[in-house]
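See structure below.
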Amino acid sequence: MSLFEWCQWLQHTRFATAISESDWLFPLIEGSHILALPLSVGMIVILDLHLLGIAFCDGPGRKLVLNLMRWCKIGFAVMFLTGGLLLVTQAGKAYGNAFFRAKLILLLLLGINAAAYQKVFFPKMAQWDSPTGAPAGAKFCAAFSLLLWIGVIVCGRTMAYQF
Amino acid sequence: MALLLLLQSWSNWAPLVFVRDSKYGMPVVQSFHLMGLTILLATVLLLDLRLVGLGMNDYRLSWLARQLKPWTLGAFTVVISSGILMFLATPGKYLGSRPFRLKMALLCLALLFHFGVLRRFTAADSDARSRRVDVIVACFSLALWFGVGWAGRAIAFIP
């Protein structure tokens, strides 16, 4: 079975059709996916703006990371859960959608970017007190993250117009 | 009805026609709406979480409120501008919509509550207040702002 056939099969399972045919389940999942944006992406954006020296510049970045991450993790858990469910109900339609594919690639790049930051720069965050002292690489990660998240939101919104 | 006719004649203004009828006009405006919403609600969330002591506890409440304020206002400007643009481009979709009316009513309440009540609670670090009042204020703030979001989402599903 090809990946496309598998996506179509997935979209027509009883589980998937039960969600997409429900009057309230699909809107509930889709609404949660959108309204989890501030709790997930919003927290990352605040951190990116700090690293770039645009906002929340007073105080050490390490403290900001630790304060934001607890809630941010919950936000991303909601995002992946609801996003996964939305994908299941529309897998066949999403498969060939260029904006959906672009969104997945951007998310993959964001994952690599975040993992690289976590490994290379996070352990060194105690060494700088304000974003002016942050190394250029850390600032690059922040700018990259900001641009990619804008791309994810634009692709996510636009893909629905192609269904 | 007269209002709908007036708004529909306005909606034939070239920039609005472009937003409505071009392939990517609407998705781009809606993307701005979502990006603004992300920042706006993130600032409200952080302020409310700090007020009840569930997040950002390493920062003083009044400091956090001052730092967040320009971002709340900036994001609100983006959300409201993109919202007005969508409304003017397709007024027929919104004028008769019940969720849209609810959204506007909740938006007015959220703004009044934010600047009339919440800002007073977050302006000073007084610990003379009871925590119970802080919790009620934070819950009200979150319910109103996220209510605006849910009502907005409902426009697409409920007439």
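The values are calculated or read from the model by the stated rules, or taken from the named source; none is laboratory data. Keep in mind the model is a prediction, meaning the values are calculated, not measured. As a convention, Cβ positions derive from the backbone with ideal geometry for all residues, glycine included, and neighbour counts pool all protein chains shown. For accessibility, only protein heavy atoms count, side chains too; no ligands or nucleic acids. Shrake-Rupley method; radii C 1.70, N 1.55, O 1.52, S 1.80 Å.
Structural remarks
- Debye log10 I(q)/I(0) for chain B, one point scatterer per Cα, at q = 0.10, 0.15, 0.18 Å⁻¹: -0.44, -0.83, -1.06
- Among the trypsin sites (Lys or Arg not before Pro) in segment A:106-140, none is located in a DSSP loop while being surrounded by at most 16 other Cβ atoms within 10 Å of its own Cβ.
- Selection of trypsin sites (Lys or Arg not before Pro), segment B:96-145, meeting DSSP coil and at most 14 other Cβ within 10 Å: B:Arg129
- Stokes-Einstein D in µm²/s, Kirkwood radius over Cα pairs - chain A at 37 °C with 0.692 mPa s viscosity: 190 µm²/s
- Unit charges at the beta carbon, dipole of chain B: most positive-side option, B:Leu102, B:Phe76, B:Val148: B:Leu102
- Förster-model FRET efficiency, 41 Å R0, B:Trp10 and A:Thr132, C-beta, rounded to 0.05: 0.30
- Extent along principal axes [Cα atoms of segment A:45-120; Å; largest to smallest]: 48, 23, 21
- Taking A:Thr17, B:Thr122 and ordering them by how much accessible surface each has at a 1.4 Å probe, largest first, produces A:Thr17, B:Thr122.
- Looking at segment B:1-128, the accessible area is 51 square angstrom per residue; that uses a 1.4 Å probe and ignores ligands, DNA and RNA.
- Excluding ligands, DNA and RNA and using a 1.4 Å probe, chains A and B jointly bury around 3100 Å² of accessible surface, summed across both partners.
- Within the same chain, lysines fewer than 8 places from B:Lys93 are excluded, and of the rest, those with a Cα less than 24 Å from its Cα are B:Lys23, B:Lys103.
- What you get for segment B:1-139, charging only the Cβ of Lys and Arg (+1) and of Asp and Glu (-1), is a dipole of about 220 debye around the Cα centre.
- Under 28 Å from A:Lys139, Cα to Cα: lysines that are on another chain or at least 8 residues apart: A:Lys63, A:Lys73, A:Lys103, A:Lys119, A:Lys124, B:Lys69
- Each listed q (0.09, 0.13 Å⁻¹) maps to a log10 I(q)/I(0) for the protein assembly as shown from the Debye sum over equal C-alpha point scatterers, namely -0.53, -1.08.
- Placing unit charges on the Cβ atoms only, positive for Lys and Arg and negative for Asp and Glu, gives segment A:69-163 a dipole magnitude near 120 debye about its Cα centre.
- Computed from the Cα positions only, the extents of segment A:3-71 along the three principal axes stand at 53, 29, 19 Å, in decreasing order.
- Accessible surface ranking for A:Ile54, A:Ile29, 1.4 angstrom probe, highest first: A:Ile54, A:Ile29.
- Rounded FRET efficiency, nearest 0.05, which uses the C-beta distance separating A:Ser2 from B:Thr77 and R0 of 35 Å: 0.15
- Within segment A:7-58, chymotrypsin sites (Phe, Trp or Tyr not before Pro) in DSSP loop having at most 14 other beta-carbon neighbours inside 10 Å: A:Trp24
- Under conditions of 37 °C and 0.692 mPa s, segment A:97-143 yields 274 µm² s⁻¹ as its translational diffusion coefficient, taking Rh as the Kirkwood radius over Cα pairs in the Stokes-Einstein equation.
- Separation of the B:Ile84 and B:Arg120 label points, Cα + 7 Å toward Cβ, nm: 2.9 nm
- Taking label points 7 Å from Cα along the Cα-to-Cβ direction, A:Arg62 and A:Ala77 give a separation of 2.7 nm.
- Label-to-label distance for A:Thr17 and B:Lys69 is 5.7 nm, based on points extended 7 Å past Cα in the beta-carbon direction.
- Here the Karplus curve 6.51 cos²θ - 1.76 cosθ + 1.60, taken at θ = phi - 60°, turns the phi angles of segment B:103-117 into couplings of 4, 5, 5, 5, 4, 4, 5, 4, 5, 4, 5, 4, 8, x, 10 Hz, with x standing for Gly and Pro.
- Sorting A:Glu5, A:Glu21 on solvent-accessible area from highest to lowest, probe radius 1.4 Å, gives A:Glu21, A:Glu5.
- Whole-number Å³ per residue for the convex hull built on Cα positions in segment B:34-116: 99 Å³
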